[in-house]
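Presented below is the structure to which this report refers.
The values are calculated or read from the model by the stated rules, or taken from the named source; none is laboratory data. The model shown is predicted, which means the values in this text are computed figures rather than measured ones. For neighbour counting, all protein chains shown are included, and Cβ atoms are generated from backbone atoms with ideal geometry for every residue, glycine included. What goes into the accessible areas is simple: the full protein's heavy atoms, side chains included, and nothing from ligands, DNA or RNA. Shrake-Rupley method; radii C 1.70, N 1.55, O 1.52, S 1.80 Å.
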Amino acid sequence: MEHFSPKIVKAVETVKTSPSVQRAFDYVKEHLEETIRDQKELVLIEAPTGHEKAKAERYLSMLREAGLDDIYMDEHFNVIGKLHGTGNTGCSVLLEGHLDTVFSFGDIKGIETDAEGRIHCPGICDDTRAIAANLAVLRAFKAANLRPVHDIYFCGTVCEEGLGGMKGMAWTLDQLKDKTKLLATISIDGATAEIFYANATGMIDLEVTIEGPGGHAWTACERVSAIHAAGLAIAEIAKIVPPKDPKTTLTVSLIEGGQAIHAIAQKAVFKINARSNSQAALNEVEEQIYQAIRGGVEIEQEKEGSEGELSLSLSIEKTLDVPAGTQPDDAPIIQLAKLATQAVGRNYKFLPGGCTNTNMSIERGIPAVTLGRGGEEYGTHTLKEWFNPKGVYACEQKSILMLSVLAGLDGVIAPLDKA
């Protein structure tokens, strides 16, 4: 049987049985239809990574209408607002979801609901469901008159997906560090009400460009080829054996080059993705990749007549750098996520790794978890994405419970760090 801190067990029970918290639980259940309406409205505001302004403006107005204080949109279009605590402690907890989706402008044609009640629309789950759920959490706090002791920040962040690389979360945390002592962050991202992440899979993307003189495939046959060099480099990369524990992966994911079928290639570009649950392992694999690339290029460079202006040039650009990190399996916030999941009638599933906005908190030493969005999902990151809203309010209930334990509730319970 798993061991839990008696203090955290008692805190969860105290919050769960509080009449005011029960009113908040009932609120998100009874107002689920309103939350789904918000979700449908927001998903139709297209927000490819780096183009979140329109959705951010609407989300800001929704949070303001719900009563959030000190709300603003920063220069990156992150939306940040505060529910003031009664204790004036200078400490806070953060709840967030990301505004951007993986889809391009024009991908969203509309919303359809099937006979089973499933809502079909690209982005309806990831992560539009999260920002709608967090709006419902704020409304529940207000409706049930839950007054946190520490401040609670509600945020809609940008640039989570793809090459955004969680920069929106990083920018948000950097802004808040001079305003508050952030005790914990909760992100909503991922499927179901049972799954949660609390460790950070690091990730890098590299873009490798090799250029050479080119020439006629017959008359300049002695010249070096950018594509041959790329192929040799990739062959060297394929020899790298990353560790299985901690799980570490790498792949050459894209390649292009050349200018004509009867010509020696003047240019080749390929891209690499590497990931690991350990920053040290990721750093080691990254160094091995660099050595492999240089080694492959050198082999091609050794061709006769490749000196001077006929030589190859090599550039390696790191286009994405997401830090890895871990928290102890018995960390208080992990225990709390497990107990909160059980408290709303679900069986928790703590997954290893995970590349979410939680990475940015863990890198800064802030306790953090990413909770699932609460419902049945299919096809995230595809045009066939759908979401089943049945029973999804468990996500909001978990957030209410965790925020209440972490921030404390006036007249109910002291903050966890003060208990």
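Roughly speaking, to the nearest percent, how much of the range 308-419's 1.4 Å accessible area is carbon and sulfur? So the carbon and sulfur contribution to the accessible surface is 49 percent.
With runs of 4+ DSSP H residues as the only contributors, calculate the mean residue ellipticity of the chain at 222 nm using -39,500 (n - 2.57) per run, divided by the residue total and rounded to the nearest 500.
-11000 deg cm²/dmol
Could you work out the relative contact order of the chain, using alpha carbon pairs under 8 angstrom and six or more residues apart, expressed as a whole percent?
Dividing the mean separation by the residue count of the chain yields 24 percent.
Each peptide in 207-215, 151-159, 355-363 was scored by the mean count of other Cβ atoms within 10 Å over its residues; highest first, the order is 151-159, 355-363, 207-215.
In this calculation the C-beta distance from T17 to T86 is compared with R0 = 25 Å, giving a FRET efficiency of 0.75.
Sorting the Cα pairs of the range 240-348 by distance into bins of 10 Å, from 0 upward, gives 11, 28, 24, 18, 9, 7, 4, 0 percent per bin. Antiparallel beta bridges, as assigned by DSSP with both residues in the chain, represent about 70 percent of the total such bridges.
With all protein chains present and a 1.4 Å probe, how do D26, D245, D100, D189 order by accessible area, largest first?
Output order, biggest surface exposure first: D245, D26, D189, D100.
Per residue, the chain exposes an accessible area of 43 Å² to a 1.4 Å probe, with every protein chain left in place. Size descriptors for the range 82-204, from the alpha-carbon set: Rg then Dmax equal 16.5, 50 Å. Each of T326 and A235 was given a label point 7 Å from its Cα along the Cα-to-Cβ line. The distance between the two points is 3.7 nm. Charge tally for D189 (other residues, Cβ to Cβ under 11 Å; Lys, Arg +1; Asp, Glu -1): -3. Remark: the S313-E194 segment gains 37.8 nm on full extension, using 0.36 nm per residue and subtracting the alpha carbon distance. Simple rule: put +1 on each Lys or Arg Cβ and -1 on each Asp or Glu Cβ in the range 1-113, find the dipole, and look at T14, L99, F25; the Cα lying farthest toward the positive end is T14. Residue-wise HN-Hα couplings along the range 193-205, as the Karplus relation 6.51 cos²θ - 1.76 cosθ + 1.60 with θ = phi - 60° gives them from phi, are 8, 9, 6, 8, 10, 8, 10, 10, 7, x, 8, 10, 10 Hz; Gly and Pro carry x. The overall shape of the range 41-115, judged from the alpha-carbon gyration tensor, is prolate: a/c is not under 1.5, and a/b is greater than b/c.
Once C-alpha pairs closer than 8 Å and six or more residues apart are averaged by separation and normalised to the residue number of the range 294-419, the relative contact order reads 17 percent. With contacts taken as Cα pairs under 8 Å and at least 6 residues apart, the range 292-364 reaches a relative contact order of 34 percent. What does the charge count around T17 come to, taking other residues whose C-beta lies under 13 Å from its C-beta (Lys +1, Arg +1, Asp -1, Glu -1)? With Lys, Arg at +1 and Asp, Glu at -1, the net is +2. Applying a DSSP loop filter and a limit of 16 other Cβ atoms within 10 Å to the GluC sites (Glu not before Pro) in the range 1-73 leaves E2. The accessible area of I293, taken with all protein chains in place and a 1.4 Å probe, comes to roughly 0 Å². Projecting the Cα positions of G391, A233, G365 onto the charge dipole of the chain (unit charges on Cβ atoms of Lys, Arg, Asp and Glu, taken about the Cα centre) puts G391 furthest along the positive direction. For the range 13-139, list log₁₀ I(q)/I(0) at each q in 0.20 Å⁻¹, using the Debye formula over Cα point scatterers of equal strength and ignoring solvent, two decimals each. Taking Cα atoms of the range 13-139 as identical point scatterers yields -1.20. For R346, the accessible surface of its heavy atoms amounts to roughly 60 Å² (probe 1.4 Å, protein chains only, rounded to the nearest 10). Here is the size of the range 21-65 from its Cα atoms: Rg then Dmax, 13.2, 39 Å.
Using a 1.4 Å probe on the protein heavy atoms, what percent of the accessible area of the range 254-298 belongs to carbon and sulfur?
It is 50 percent, rounded to a whole number.
Computed from the Cβ-Cβ distance with R0 of 35 Å, the FRET efficiency linking A54 to D410 stands at 0.40. Expressed as a fraction of 2.2 N^0.38 Å, the C-alpha radius of gyration for the range 222-290 is 1.34. When the chain is treated as a Gaussian network with alpha carbon springs shorter than 10 Å, the biggest mean-square fluctuation among A260, A233, A24 belongs to A260. Rounded to two decimals, the Cα-based Rg/Rh of the range 151-283, with Kirkwood Rh, is 1.16. Fully extending the segment from M1 to K349 would add 123.8 nm, taking 0.36 nm per residue of separation and subtracting the current Cα-Cα distance.
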